[in-house]
Amino acid sequence: MSNPTTILIGFLGKDRETRTTRERTYTKTVHNKVIDGDEEIEVHLPSRTYMKLSLATQERSATGPVTHWHDLILWNPSAEAFLARKGDQIKVTGRREEYEFETADGETRTGVHFVVQSLRFVHRKIRQQAA
């Protein structure tokens, strides 16, 4: 089942971070039509660079506004995305994605992040010019 496309509008809580996934090699079983049987192949995934942003959105409730924080992941950030800074108001389109990670203690946990398909500035925070 595919995750539906969602639009989020909010304010960036931190400056952008550029990160890199780790390089991985693993074994996968595939069906080989030539021998009409299964065989194991080695798959190599190179490291990949991505951008991470932190977005605060607000939702109205009976007790007042509630803030929700979203980890945004941009796999192929546009040149405009590199201008994003804390305090900017942005509008993003994308989908929520669940992922697994291993803690330092070796425990497997699940997290959720928002994979961005498009990013647009709604309002840029005014920054002081260096003197």
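Any read-out appearing in this document is the output of simple, stated calculations on the displayed coordinates, not a laboratory observation. Quick caveat: nothing in here was measured; it's all calculated off a predicted structure. Every residue, glycine among them, receives a Cβ derived from its backbone with ideal geometry; neighbour counts consider all protein chains shown.
Could you tally the net charge around Ser118, taking each other residue with its Cβ under 13 Å from the Cβ of Ser118, Lys/Arg +1 and Asp/Glu -1? All intermediate terms of the calculation are to be shown ahead of the outcome.
On the way: positive: Lys91, Arg95, Arg120; negative: Glu80.
Value of the local net charge: +2.
Do any trypsin sites (Lys or Arg not before Pro) in the stretch 18-96 lie in a loop, going by DSSP, with at most 14 other beta-carbon atoms within 10 Å of their beta carbon, and if so which?
Arg22, Lys33, Arg48, Arg85, Lys86
Before anything else, pin down the relative contact order of the chain: Cα pairs under 8 Å, at least 6 apart, normalised by residue count, whole percent.
Here the relative contact order equals 27 percent.
Net charge near Thr29, counting Lys/Arg +1 and Asp/Glu -1 over other residues with Cβ under 12 Å of its Cβ?
-3
For Gln89, what is the net charge nearby, where nearby means another residue's Cβ is under 9 Å from its Cβ and Lys, Arg count +1, Asp, Glu -1?
+2
For the chain, just say rounded, prolate or oblate: build the C-alpha gyration tensor, square-root its eigenvalues into a ≥ b ≥ c, call rounded for a/c under 1.5, and beyond that prolate if a/b exceeds b/c, oblate if not.
Prolate, since a/c reaches 1.5 and a/b exceeds b/c.
What stretch of the chain, leaving out the sites themselves, is the longest with no GluC sites (Glu not before Pro) in a DSSP loop having at most 14 other Cβ atoms within 10 Å?
In short, 24-106.
Please list, in order along the stretch 17-27, the HN-Hα scalar couplings obtained from phi with the Karplus expression 6.51 cos²θ - 1.76 cosθ + 1.60 (θ = phi - 60°), rounded to whole Hz, x for Gly and Pro.
Per-residue couplings from phi come out as 10, 9, 10, 9, 6, 8, 6, 9, 9, 9, 9 Hz.
Count of lysine pairs in the chain with Cα atoms under 23 Å apart, counting only pairs 8 or more residues apart in sequence or on different chains?
Taking the Cα cut-off of 23 Å, the pair count is 9.
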